[in-house]
Amino acid sequence: PWHLTIERLGADGPPPPLTPEDFGRRLRNAISFINPGCDLWDSLARAYRAQPTNEVIMIEKGRSVTDPLQDYGFGWFRIEPDEALLVEFTPPPCHYWSFQLYNWWGESFDYTYRQSSLNGHQASIDSDGVFRGVISMADPGVANWIDTAGHTEGMLTPRFLLADSVPE
């Protein structure tokens, strides 16, 4: 257990009221951040959607835009309400792995009320060492169900941190 304290230093009171000029400057700064982000996620979603549907393509370690020690896979799923997609791989020895669903903008599906992702600590691994996950809208009553939260399509991403190898 640990304790965290945040103490504000150097302020004797509330800041002055926001002026129209300050508001305009702050809004322009926000737009300069949002527009490139929207362009990035839109282009990524278009690239994933152009791949073969319901497949994952792994990228080489070090080519990630986030962590050079992490192996990523990217794909686009598309299922009908009465369908399910089976995901199978043998997790390699690694510090951490996960499998997650996202919408067009790279946002996680509702993880507060739904199981929209699984990691190596949550997942059940079969006796043959294989992870078998089921992506569907309705609970199929099996281990490793990943809920689409009503989405019929979206991104799917496995990731493996400091993995010895990359699974198929």
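The values are calculated or read from the model by the stated rules, or taken from the named source; none is laboratory data. Since this is a predicted model, take the numbers as computed values, not measurements. Positions of Cβ are generated from backbone atoms using ideal geometry, with glycine treated the same way; all protein chains shown enter the neighbour counts. Please note that ligands, DNA and RNA were not included when accessible areas were found on the heavy atoms of the full protein model with its side chains. Shrake-Rupley method; radii C 1.70, N 1.55, O 1.52, S 1.80 Å.
Estimated translational diffusion coefficient (Stokes-Einstein, Kirkwood radius over Cα pairs, 37 °C, 0.692 mPa s) of the chain: 176 µm² per second.
Taken over the alpha carbons of segment 114-166 as equal point scatterers, the Debye sum produces base-10 log I(q)/I(0) values at 0.18, 0.27 Å⁻¹ of -0.67, -1.21. For His95, the accessible area of its heavy atoms, probed at 1.4 Å with every protein chain present, is near 130 square angstrom. In plain terms, if you count all Cα to Cα distances in segment 74-158 and split them into 5 Å steps from zero, the share in each step is 3, 15, 29, 26, 17, 8, 2, 0 percent. Taking Cβ atoms as reference points and 12 Å as the exclusive limit, the residues near Trp104 contribute a net charge of -1, counting Lys and Arg as +1 and Asp and Glu as -1.
Taking 7 Å steps out from each Cα toward its Cβ at Glu88 and Ile31 produces label points 5.3 nm apart. Annotation: Cα Rg of segment 1-81 relative to the compact-globule expectation 2.2 N^0.38 Å equals 1.85. You can think of it this way: the chain between Asp139 and Leu162 has 5.1 nm of extra reach, that is 0.36 nm per residue less the Cα-Cα gap. Relative to the current alpha-carbon distance between Asp128 and Arg8, full extension at 0.36 nm per residue lengthens the span by 37.8 nm. All Cα-Cα separations within segment 100-143 were binned at 10 Å from zero, giving a P(r) of 23, 53, 22, 2, each value a whole percent of the pairs. Each peptide among 160-167, 82-89, 31-38 gets the average number of other Cβ atoms lying within 10 Å of its residues, and from highest to lowest they stand as 160-167, 82-89, 31-38.
What you get for the chain, charging only the Cβ of Lys and Arg (+1) and of Asp and Glu (-1), is a dipole of about 540 debye around the Cα centre.
Per residue, how much accessible area does the chain have with a 1.4 Å probe, in Å²?
Details: 11160 Å² over 168 residues.
Heavy-atom accessible area per residue stands at 66 Å².
With all protein chains in place and a 1.4 Å probe, the accessible surface of the chain carries 55 percent carbon and sulfur.
Label-to-label distance, Glu107 versus Arg49, with points set 7 angstrom from Cα along the beta-carbon direction: 1.6 nm. Per-residue ellipticity at 222 nm from helix content only, as computed over the chain with -39500 (n - 2.57) for each DSSP H run of at least four residues, stands at -6500 deg cm²/dmol.
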